[in-house]
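To start, the structure itself, in C-alpha cells.
Values quoted throughout were computed directly from the atomic coordinates according to the rules given, and no laboratory measurement underlies them. Just so it is clear, the model here is predicted, and its values are computed rather than measured. Don't worry about glycine lacking a Cβ; one is built from the backbone with ideal geometry, like all the others, and counts go over all protein chains shown.
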Amino acid sequence: MPELPEVEVVRAGLEPAVTGARVASIEILDARSLRRHTGPSEDFTDRLEGAIFAGASRRGKYMWLPLVPRASQHSLIEPVEITPAPTEALVVHLGMSGQVLLRDRYTDDNLTRIRLELSHPSHGDLRLNFVDQRIFGSMALDSLVATPDVLREHVPTQVAHIARDPLDPHFDEALFLKRLAARNTGIKRALLDQSLISGIGNIYADEALWAARIHYDQPTGALTRPRATRLLAEVRAVLIKALAEGGTSFDAQYVNVNGNSGYFSHSLNAYGQQGKPCPRCGRPIVREQFMNRGSHFCRFCQKIR
DNA sequence: CCCCTCACCTGATCGC
DNA sequence: TGCGATCAGGTGAGGG
C-alpha cells in the first residue's frame, strides 16, 4: 500500500489499536525485514519487548510508533501532569509490498516477516503481523530527533531527510515551488523525490500529472509558476480523494490493517489505463518506460511545453 | 551539491 | 502439471 493515502489508511487504523498497548513478545521470522535497523535482531527484540506505544505518526510514506519512555511507563496507568516526550520509535516502511495486519492471537498471515504480540489495557490481546512479499519494506527501532526547521518536530533519524508531505499542515508551498523551479530535471522525477515533496509514488504522480495536463518529462525549469501551482493542487486533490476511498488496491496485496481493500482503483484516469480512452479527450492513454517503471499519460492532453 | 542509474527482493500470475 | 518469463505501488548508495 505504499503511497501516502495507503500508508495513512494503515496509520489511522493502527493509532486507536496500538496507543497504550504493550509489546508482550516479538517474533522475527525473516531478519531481512530489519534491514533498516542498526544492530542485530536481538537488539531490536530486547529494546522493543515490554515497550508501550504512545501513538502512530506519519510523514510521507514512513510511519512510526513512538515508545513511551521507560521511566514514565507508570504514568500511563496513573497519568501525571508532565510526561516526558518519547525519544525512540518503531519505524515502519511498507516498501513495495508491505502490509500491517491486526489480528487476534491465533490468526497468521502468509508471508509474515515480523510478528508482535500486543496487550492493551482495555482492548485486550492483539497480534500485529508485518507482512512483506518483496522485503523492500522494514521495521526498525530508531531515535527521534528534532527536524532542522523552526518547528523542531521530532521524527526518526531515518526520516529526517524526508520532506513534509502536501497534506501536512506545515507543508511550505512557497518553499516547495522555489525548490522545484531551481531543479534541472523532469517534473515526474521531482515529484517522486521524497526529499523535495513526500508521499507521492508512481500512481499518484501519473494521476496528478494527467489532471494538470503536464507531460511526465516536462523540464522543471520551464514549468511556469501557475502550472506548478496547479500541479500541486492536483496532487493534493488526488491524495485526498484516494484517502477518502481507502487507497488504491489492485489485488489483495494492498489492504488496510483489517485486510480490506481500498476503492480508488476505480477512479484512476491514467495509471494502468494504457489502451483505454483518455477520460478527457478520448484518445488512448499510453504507457512509456521511464525511470525503470511505467509512465501512463495522454499524448494529446499532456505535451511538453 | 545535484542528477541519474542501478541494485535490492519475492512470489503471484500467465503463456507455452 | 510444470517451468520460465514477466511484473509490481520504493529507496538509497554510489558514480558522474
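Take each uninterrupted DSSP H stretch in chain A, measure its Cα extent along the helix axis, and return the ones at 15 Å or beyond whose mean Kyte-Doolittle hydropathy is at least 0.5.
Working: long enough: A:4-18 (20 Å, 0.63); A:225-244 (29 Å, 0.47).
What comes out of the filter, once short or polar helices are dropped, is A:4-18.
Just to be sure I understand: with springs between alpha-carbon atoms less than 10 Å apart, which residue in A:Leu175, A:Leu111, A:Leu126 has the highest mean-square fluctuation in the Gaussian network model of chain A?
Result: A:Leu175 has the largest fluctuation of those listed.
Please state the charge dipole magnitude for chain A, taken about the Cα centre, from unit charges on C-beta atoms (+1 on K and R, -1 on D and E), reported in debye and rounded to the nearest 20.
Numbers: 37 positive and 34 negative charges, 383 e Å.
Roughly 1840 debye, rounded to the nearest 20.
Determine, for chain A, the count of lysine pairs separated by eight or more sequence positions (or lying on different chains) whose alpha-carbon distance falls under 20 Å.
Working: A:Lys61/A:Lys188; A:Lys61/A:Lys241; A:Lys178/A:Lys188; A:Lys188/A:Lys303; A:Lys276/A:Lys303.
So the count works out to 5.
Per the helix-only calculation at 222 nm, which mean residue ellipticity applies to chain A, given -39500 (n - 2.57) for every DSSP H run of n ≥ 4 and division by its residues, nearest 500 deg cm²/dmol? Before the final figure, lay out each step's value.
Working: 7 runs with 73 residues, N = 305.
Calculated mean residue ellipticity at 222 nm is -7000 deg cm²/dmol.
Taking +1 at the Cβ of each Lys and Arg and -1 at the Cβ of each Asp and Glu, which of A:Ala242, A:Gly275, A:Ala222 sits farthest along the dipole of segment A:173-298 towards its positive end, judged by Cα position relative to the Cα centre?
Of the candidates, A:Ala222 comes out farthest on the positive side.
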